[in-house]
Structures are given as structure tokens and as C-alpha cells.
Amino acid sequence: MGEPFDISYVFEYLVKLLPTLKITLLIVVSSIVIGLGVGFIVALPQLYKIPILRRFSQVYLSFFRGTPILIQLFLFYYGLPEILKLVNLDVAKVPALYFVILTYALHSGAYMAEMIRAAVGAVDRGQVEAAYSVGMNGFQAFTRIVLPQAMAIAIPVFANLVIANLKDTSLAFSLGIMEMTGKSQTLAVMSRHFVETYISLAIIYFVISFGLEKLFHLLERKLLKHERRITTEVKEQQVKLGKTKRSLLGFGYSRGGRENEA
Amino acid sequence: MIKLTQIKKSFGRNEVLKGIDLTVKKGEVVAILGPSGSGKTTLLRCINYLEKPSDGQITIDEFTVNYKRPDKKDIHTLRQKSAMVFQQYNLFKHKTALENVMEGLLIVKKLPKEKAREMSVELLDKVGLGNKLDAYPSELSGGQQQRVGIARALALNPEVILFDEPTSALDPELVGEVLGVIRKIAKEGITMIIVTHEMSFAQDVANHVVFMDGGVIVEEGKPSEIFNNPKEERTKQFFKRITPDGVYSI
């Protein structure tokens, strides 16, 4: 099918693909930031058991967690303008990139909501009562006592979500976005060096994922400093082993599922 | 002075407190005794509104809250006038011993950092933890954690400190150090309400003993009266069970 394999193309394409990395990162960063906000809003009715809103957030969660991201991209890109037309809003001129960011933000928002709910739930209720008993109000108890601990608990999950999001952005090319995967498609088709292009592409994704993994690991250690000191050296080693296992799971998770759908 | 009037609390259909009246004089140490499920802890938690009473009224130091319809400000004031020491210590796990004690002073009392620090160091010294200022709760033993909890309560200079079974979660070996600290601060004239299973401690420290069962106060009075000469049949039964003259009857 393609041209014979030539390793030198791998390096050449690495250089050619790198400029499009900023589009990929733009999608990742903005969708994670918006997603965190969305996640908070969606998690609140669940945390405080607000009757009707809770139903809404459950529907939201089931939709975004129960349908493939690719379908969501299509639905938002092709479906949303149709719906908006009904209320006389023309979004035909809005760049596809915005739709992509919106979809990824809402998609990761669902996972963020679950992450926040679990992490806040993991901080024991007794500390909140203690905060009340020293005279703090609900907001102070949440921001001073619950949030710092919940954040530390959530870091490993958050790291997985960011990395999964990074790899999911490779589907944005299906809407014609020239991010890394999109660019590699063009390069591959034009030069017919398919394997080399995909190798360079994989290298970039891997290096960034790996860097993020390390970064979050450092952050987690910093945030969990109040628990680290008790562990003896042996225990600390076990903790490290546990972490790597978790990160391996993180890598395996996308490989098994969503990317294959493309 | 603290005055509780007709405090009632139900969990669903189960009425846990059936109208409790209790008066605690300033500087008095009150011990609440009774079997499990008698509502002791619930009563204590109702005082600072960690548990929402269904009915009743509380007056702490001229400040009255009607539990039927308290507004947020009332609850806030109530909590500032009281402090609590928990069975499970409930220290803020991400803060050091010193920060745990300072937290209320900085955030609630809005003291400047230097002043808060100075007061907290002094209090931790008082509970015998002057050398553990920078230790996190996970690095402290149960007894040490509970003493930090007591320092945290003392820091707020409350009208009353509520102790919810402060030694129940501790190793027998560590109970002594915590009771020692409580005994020490009792002598300083701080009003305290203590829910406890430590009978000899209650007898020794309390000025007033309350015996509860089935959501009501069965009997109250001076420790000597309640322990040595209870009037009610239920109280006699209870003390007979737990102090069987050296032999445990099964």
C-alpha cells in the first residue's frame, strides 16, 4: 500500500507535527478548565441532595458517560446548529474548534463531577462537624477543610482524566480540526509513509502523557504531605508500586475502548 | 449559665429525646451517664446544633435560641459560644497540631496571626504537647490527638465545652493522660458537659451528675448522691451492672 518503511521520516514528521501540538493542548486545557467548572455545578446537586436538580445532573451524567465521544462530537457539531436555527440563531460561521472544545468540556465535565463527588465524599464528615463546632460557616468549612483534602484525594483520578482527554482529542480531526492527529492524516496521505507518521504521532502523545503523569505524581505528594510522614520506607515503596499500577490502568483504559471507535 | 428547656429530637418515628430540661451553672462540670442509646450524645450534639432538635429552647449566657425556628445567625452564635471535643477527635487531618488550634482563632475570631500563634502554643503547652506543634494528626497517638482536640476547643474561649465520650476510642493506657488534662481544665472553672462511660472519673471530676435512659433524664444530683444513694430503680440497676463489686455478672 504505502511507501517502504524509512525511519528518517519519523524524525522529520515529529518536527512537522509539533506545531499542531498547540491546537491539541488548546483543546485539552480549555476543555479541562471549563469541564472542572461544569463538574462542580453538576456535582453540587448530588452532594447536597437537591431534589429536582439532582435528577437533571443524573441525566447529564448518564448521557455523557453512556455515549461515545465521537457521537457526541457529531451531535454537537451537526445537531446543535439545527436546534439553534429553530430559535433563529445562526451559528454556521462559528469555527468548528469551538464546538469541539464545548463537546470535550461537557464530556470531561461529567467525569469531573463524579471525581468531585467521590473526593468530597471521602473526606470524613467528622471534620466538617469539627469545623462547625469551632464556629465556621458552611462555606469556610468547605473551602478551608474539605476542599484541600478532597483535592489531594482527587489528583490520581484527575491525572487519568486529563490524559484520557489528551488522547481523546485525536478524534477532533473527524470534524476537520488540524490538531496533531488531523495533521498526521494529511501528512500520511500525501507522502504515503503511513507507519512513520503514526509512530511520530504516538511518540508525541506518549511523551506528553508521561510528563503529565510525573507532574501529577509530584503534585499529589506535595498535597498529601500530611499523610506521607507516617509511612515507613517500606510502606512508601508499596505506595509507589500502587501508583504505577494505577497509572498503567490509566494508559490501558483508552486503548481498550474509545480510540478504537474512530 | 446554660438552660435547656424541653429539648426534643426524633429520628424518623424514633423519639430519641423526649423533652429534656437541664440547667448548668457557670463553672459547673456536668457528667451525663447512661446506657447506650439513651440519647446522651444526641443531647450533647443538639446543644450546638450539630443535630437538629425537633423542639425546645436553649439559653447560653443570656442568649436564647428557639430550636423550632432558629435562623442561621442564631446557630452561628450558638456555635461560637460552645466548643466540642469529639469521640473520634476529628482533627483537621491536613493541618498540624498548631494549625488545628489556630484555625478557629484565625478564621472565626479573626485574630492576627502572631496573636493566634502565641495563644495556640500556650494552649498546646498546657495540654502537654508543646513539643508536637508541627506534627500532623497522623503522627500523633490517639491520646495526643484528643489533647489537641481539647486545646482546639479551649482556644475559642467558649462558655461551655461539650465532651462527647472523649476517651471511648482510646487505648486503656492512653485514657489517663486525656482525663488528666480534662481534670486540670475543670479546676480552672470552665463550664463543661461531659458524656462519659468513665464512672470513677465522673464521680471524681463532676459537680453534677445526670443519669439518662430512654430519652429522658431519670435522675440528677450530686455525684455522691447518684453514685452511692440513687433513688430511682433504673439508676440502681445501671450502677449495679457496671460496678458489681469486683465480679462481672453475665
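The values are calculated or read from the model by the stated rules, or taken from the named source; none is laboratory data. All of these numbers come straight from a predicted model, not from anything done at the bench. Here the Cβ positions follow ideal geometry from the backbone for every residue, glycine too, while neighbour counts run over all protein chains shown. To get the accessible areas, we keep the full protein, side chains included, count just its heavy atoms, and leave off ligands, DNA and RNA. Shrake-Rupley method; radii C 1.70, N 1.55, O 1.52, S 1.80 Å.
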Worksheet entry | DSSP-assigned coil residues among GluC sites (Glu not before Pro) in region B:181-245, each with at most 12 further Cβ atoms within 10 Å | B:Glu188
Worksheet item: What's the longest piece of chain A with no exposed chymotrypsin sites (Phe, Trp or Tyr not before Pro), counting a site as exposed if DSSP puts it in a loop and it has at most 14 other beta carbons within 10 Å?
Response: A:49-262
Worksheet item: Which sequence of B:Asp164, B:Asp21, B:Asp74 reflects their accessible areas, 1.4 Å probe, from the largest down?
Response: B:Asp21, B:Asp74, B:Asp164
Worksheet entry | Solvent-accessible area per residue for chain A (1.4 angstrom probe, square angstrom) | 54
Worksheet item: What is the dipole size for region A:116-222, taken about its Cα centre, with +1 at each Lys and Arg Cβ and -1 at each Asp and Glu Cβ, in debye to the nearest 20?
Response: 80
Worksheet entry | Cα long-axis angle, helix B:142-155 against chain B (0 to 90 degrees, to the nearest 10) | 80
Discussion item. List the GluC sites (Glu not before Pro) within region B:124-184 that DSSP assigns to loop and that have no more than 12 neighbouring Cβ atoms inside 10 Å.
Written reply: none
Worksheet item: So who's got an amide H within less than 5 Å of the one on B:Phe163, skipping anything under 5 residues away but keeping other chains? H placed 1.01 Å off N, in plane.
Response: B:Val85, B:Ile193, B:Ile194, B:Val195
Worksheet item: Looking only at trypsin sites (Lys or Arg not before Pro) in DSSP loops with at most 15 other Cβ atoms within 10 Å, what is the longest site-free stretch of chain A?
Response: A:94-191
Fill in: Apportionment of accessible area to carbon and sulfur, the protein assembly as shown, percent (1.4 Å)
59
Worksheet item: For chain A, what is the mean residue ellipticity at 222 nm derived from helices alone (per DSSP H run of n ≥ 4: -39500 (n - 2.57); sum divided by total residues; nearest 500 deg cm²/dmol)?
Response: -24500 deg cm²/dmol
Discussion item. Based on Cα coordinates alone, diagonalise the gyration tensor for chain B, multiply each eigenvalue by 5, take square roots, and list the semi-axes in whole Å, largest first.
Written reply: 30, 23, 15
Discussion item. Give me the one-decimal Kirkwood hydrodynamic radius in Å for region A:1-81, with the sum taken over alpha-carbon pairs.
Written reply: 16.5
Worksheet entry | Whole-angstrom Cα spans of region A:142-186 along principal axes, big to small | 51, 16, 11
Worksheet item: Between A:Asn137 and A:Leu47, what length in nm is gained on full extension when 0.36 nm per residue of separation is reduced by their alpha carbon distance?
Response: 30.7 nm
Item to complete: For helix A:21-47, report the angle its Cα long axis makes with the longest principal axis of the Cα atoms of chain A; keep it between 0 and 90° and round to the nearest 10°.
Response: 30
Discussion item. Buried accessible area between A and B (1.4 Å probe, both chains summed, ligands and nucleic acids excluded), in Å² to the nearest 100?
Written reply: 2200
Discussion item. Using a Förster radius of 51 Å, what is the FRET efficiency between A:Leu215 and B:Asp71 based on their Cβ-Cβ separation? Nearest 0.05, please.
Written reply: 0.65
Response to the item:
Taking every residue of B:103-109, the Cβ atoms of other protein chains inside 10 Å of its Cβ average out to 5
Practice prompt. Can you sort A:Met190, B:Met84 by 1.4 Å-probe accessible area, starting with the largest?
Written response: A:Met190, B:Met84
Worksheet item: Helix B:97-107 versus the longest principal axis of chain B: what angle, 0 to 90°, nearest 10, using Cα atoms?
Response: 90
Discussion item. Please list the three semi-axes, largest first and in whole Å, of the ellipsoid equivalent to the protein assembly as shown, using sqrt of 5 times the eigenvalues of its alpha carbon gyration tensor.
Written reply: 60, 26, 20
Worksheet, complete the sentence: Summing -39500 (n - 2.57) over every DSSP H run of at least 4 in chain B, dividing by its residue total and rounding to the nearest 500, the 222 nm mean residue ellipticity is -11500 deg cm²/dmol
Worksheet item: Leaving out ligands, DNA and RNA but keeping every protein chain, what accessible area does A:Ser62 have, in Å² rounded to the nearest 10, with a 1.4 Å probe?
Response: 80
Worksheet item: Hey, got the dipole for region B:1-97? About the Cα centre, +1 on K and R Cβ, -1 on D and E Cβ, debye to the nearest 20?
Response: 280
Response to the item:
Over its alpha-carbon atoms, region B:1-89 yields an Rg and a Dmax in Å of 12.6, 37
Worksheet item: Computed FRET efficiency, Cβ-Cβ of A:Glu12 and B:Lys26, R0 56 Å: what is it to the nearest 0.05?
Response: 0.10
Item to complete: State in Å² the accessible area per residue of region B:1-40; use a 1.4 Å probe, count heavy atoms of protein chains only, and round to the nearest integer.
Response: 47
Worksheet item: Which FRET efficiency, nearest 0.05, do B:Glu232 and A:Val207 yield, Cβ-Cβ r, R0 56 Å?
Response: 0.15
Item to complete: Give me the lysines in straight-line cross-link reach of A:Lys93: C-alpha distance below 23 Å, same-chain residues under 8 apart excluded.
Response: A:Lys22, A:Lys85, A:Lys183
Response to the item:
Whole-number value, in Å³ per residue, for the convex hull of the alpha carbons of chain A is 162
Fill in: Theoretical gain in end-to-end length, B:Asp134 to B:Ala169 [0.36 nm per residue, Cα-Cα removed]
10.3 nm
